[in-house]
Each structure stands twice: as structure tokens, then as C-alpha cells.
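Here is the structure we will look at.
The values are calculated or read from the model by the stated rules, or taken from the named source; none is laboratory data. The model shown is predicted, which means the values in this text are computed figures rather than measured ones. Here Cβ is always computed from backbone atoms with ideal geometry, including for glycine, and neighbour counts include all displayed protein chains. Calculation scope for accessible area: heavy atoms of the full protein, side chains included, ligands and nucleic acids excluded. Shrake-Rupley method; radii C 1.70, N 1.55, O 1.52, S 1.80 Å.
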Amino acid sequence: MIEIKDLMKTYGSKPALEGIGFHINKGEIVGFLGPNGAGKSTTMNIMTGYLSATSGSAVIGGIDVFEYPDEAKKLIGFLPEQPPLYFDMKVGEYLNFVYELKKCKLPRKPHLEEIMKVTKIIDVKDRLIANLSKGYRQRIGIAQALIGNPPVIILDEPTVGLDPKQIIEIRNLIRNLKREHTVILSSHILSEVQAVCERIIIINEGRIIADELTENIRQATGDGCDYNVKICGPQREVLSALKSVSGVAYAGSVGEREGDVYSYLIKSERGVDIRKPLFYMLAEHQWPLMGLEAAGMELEDVFVKITENDTKKHGRRMA
Ligand code: ADP
Ligand code: MG
């Protein structure tokens, strides 16, 4: 469905993309993951025909985006990083405007109503966009992308700036899209793409450093093996006992303290659940466990692990 080859982009003399290439099949839901400035938006803007590339090619549904941008755009619903909203329009007015702009042929009323239903914006249909919250605006942005029912949906940071409840709603909306559409979304937050995408393409400094099924990224990074724990007891003795618990690969003090409760970071060996042996050891010493929380894997950790693995696999030396 999507064939991207060797995209290069320089802004002035500054390289932003240094050879991005991937293939996405129909019906896949893929996440672009990478820190700010990695090149996610640049890639998406090129794929959607809104920005030219310095070299390379992008073919969507068999149509070359650089040669036939208008035809290619018809296959794509795009939510750019800054949603293209007109604040002085009412929601319903705006969607009608986009409908005209896209020269949509689907029966207008039922089509727009269906879209307002799935994006949950019917109740604000007659309100001015200027007066709506960020969560609503983001949903209107997704609604405009869905007009014309394009087979490919590309969403640039769809959940940025939303509160947790709105994030869950948008995630569900995106998950529901995947049945009929090929979906690409970008984010700089690992848990965000893990939650909705089957496959993750990690971009760093204009290059792809990993392109894996989400499940494999989890395994490669040993997700969920770090714990922040709070234990009531003498710090030095507790720490040395923690280190001797079977399955613990690392234990260290974090330096936080509340009275006689100290905080520690524990890393388990891959695939080992250390919670039971940890509990029994603490019970034996009568050191109450005051807190236990799995520490999420940070994007930085994922990069380090993946680039390490990459070096091992290819015998390359990282700069
Ligand atoms: P991301 O979306 O992953 O945060 P971008 O694609 O926006 O990354 O940016 C990639 C790089 O290109 C960054 O170093 C950014 O500063 C640069 N860049 C992006 N847009 C422009 C522009 N219009 N002019 C000059 N440099 C740009
Ligand atoms: Mg961006």
C-alpha cells in the first residue's frame, strides 16, 4: 500500500532525512517513534505530498506522490502536526467546507454524520471551533482526515497536548480505524505507539534504527523488568539483601527517603518475575514494603538497547 524508498531531505544545508525507506501493507497500523527533531513530521509531510523531498520516492496505492500529488492525496487522510482548522467556522460548517475542498462524492449528510459519530463531535456541531477545547479540536482534525473515506490515514502526533481521558478516547478511535484503513501515526512516547500499533518504526536523526513488530520491540527491550520500590528498614542491609534475591540483576539506592523508608531501583533478569521472592525476603526480615511500581521503559533506554543489539548483529561500531 505504501512504498517509501531512500528519502533524503535537507533544509538549507542541514540534513533532516538521511535515507528513510519502508514498506507498509494494506490494513497495517504502524507507529513512527522518535524524539523531537528525529524527522517524523518531515517524512509524513513528504509522504502526503505537502513537502518536496531532496531525493527518493514515495508511492501510495500504486501512485507516485511526487509525479501525481493530487491523485495520491485523494488516497490519504492527513492530520498534520498543526491541525488545519479555521477557528471562525462552526464545526459542521468546517466539515462541509472540507467535503467541498476534497470534492467528495459520497452522500454528504450521512457521510459527515457518520464521521461526527465516530469522532464523537456531534454535540459540538454548531459551536465555533475557536471556543472548543484541544481535545475537541484534535477530534475535528481527525474528522477532516476521514472525509472521503481515504484508504490511508496518516496522523502526526494525534494525542499531543491531550489529557489522559482524551488520550484513551483517541486511542480507541484509532484502533477502530484500522479495520478499514491503513494507519500511520507518530509519537515521541513509546507507550503511546505500543498501545495502538502492531509495528513500530523508530526514527532517530533522520534514519530508521528499528522496524519491528511491537511484540518484538517489547522482547528486545525486556519491557517491564524495572521496579521502583520503597522499603522500610535499614538502607545498607536492605540493599545488600535486595542484591541477593534470586532473579535480581541490579539493585541500587535512589537517594530518596521519607523517615525510615528508603527508595530503590531494581532490575530483574529478563523474563523473571521477582515480586514473590522479593516479598518473602522482606517478610523474613520484617521490612515492610511501602511501595512497588513497575518503571516504564524510557525511549532513551529503548534506543540504547536497540542500537546495542544493532551493533552486535551487524558488527558495526557506533559513533
Ligand atoms: P519530528 O517531527 O520528528 O520532531 P521534524 O521532521 O519536524 O522532526 O524535524 C526534523 C529536523 O528538521 C529537525 O532538526 C528540525 O529542526 C528540522 N526542520 C524541520 N522543519 C524545518 C524547516 N521548515 N526548516 C528548517 N529545518 C526544519
Ligand atoms: Mg513532528
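For the reader, a short list of remarks on this structure follows.
- Stokes-Einstein D for segment 1-60, Kirkwood Rh over Cα pairs, 25 °C, 0.890 mPa s (µm²/s): 206
- Using only alpha-carbon positions in the chain, the gyration tensor eigenvalues give semi-axes of 44, 26, 16 Å once each is multiplied by 5 and square-rooted (largest first).
- With the convex hull constructed from alpha-carbon coordinates only, segment 1-131 shows a mean projected area of 9.7 nm² over all directions.
- Portion, in percent, of the accessible area of segment 23-174 that falls on carbon or sulfur, probe 1.4 Å: 54
- List L79, L292, ordered by accessible area with a 1.4 Å probe, largest first: L292, L79
- For the chain: accessible area per residue (Å², 1.4 Å): 53
- When Rg and the Kirkwood Rh are both derived from Cα coordinates, the Rg/Rh ratio for segment 99-176 amounts to 0.95.
- Largest to smallest principal axis extent of the C-alpha atoms in segment 89-130, angstrom: 27, 19, 12
- Difference of contour (0.36 nm per residue) and Cα-Cα distance, F87 to V272: 61.3 nm
- Extension gain, E293 to N131: 0.36 nm times the residue separation minus the Cα-Cα distance gives 54.4 nm.
- Square roots of five times the Cα gyration tensor eigenvalues for segment 177-291, Å: 38, 14, 13
- For G39, the shell of other residues with beta-carbons less than 13 Å away shows a net charge of 0, using +1 for Lys and Arg and -1 for Asp and Glu.
- Reducing segment 141-170 and segment 246-296 to their Cα centroids gives an inter-centroid distance of 39 Å.
- Rounded to the nearest 10 Å², the accessible area of F66 at probe 1.4 Å: 80
- Note on segment 66-138: Cα convex hull, mean projected area over all directions, 5.5 nm².
- With q set to 0.11, 0.21 Å⁻¹, the log10 of I(q)/I(0) for segment 99-244, from the Debye formula over equal scatterers at the Cα positions, is -0.58, -1.33.
- Flagged links, alpha-carbon separation over 30 Å, of K14/K90; K134/K178; K125/K165; K26/K117; K9/K117; K109/K134: K14/K90; K9/K117
- With R₀ fixed at 41 Å, the C-beta to C-beta distance from K14 to Q235 puts the FRET efficiency at about 0.25.
- Per residue, the average separation of C-alpha pairs within less than 8 Å and at least 6 apart gives segment 163-306 a relative contact order of 24 percent.
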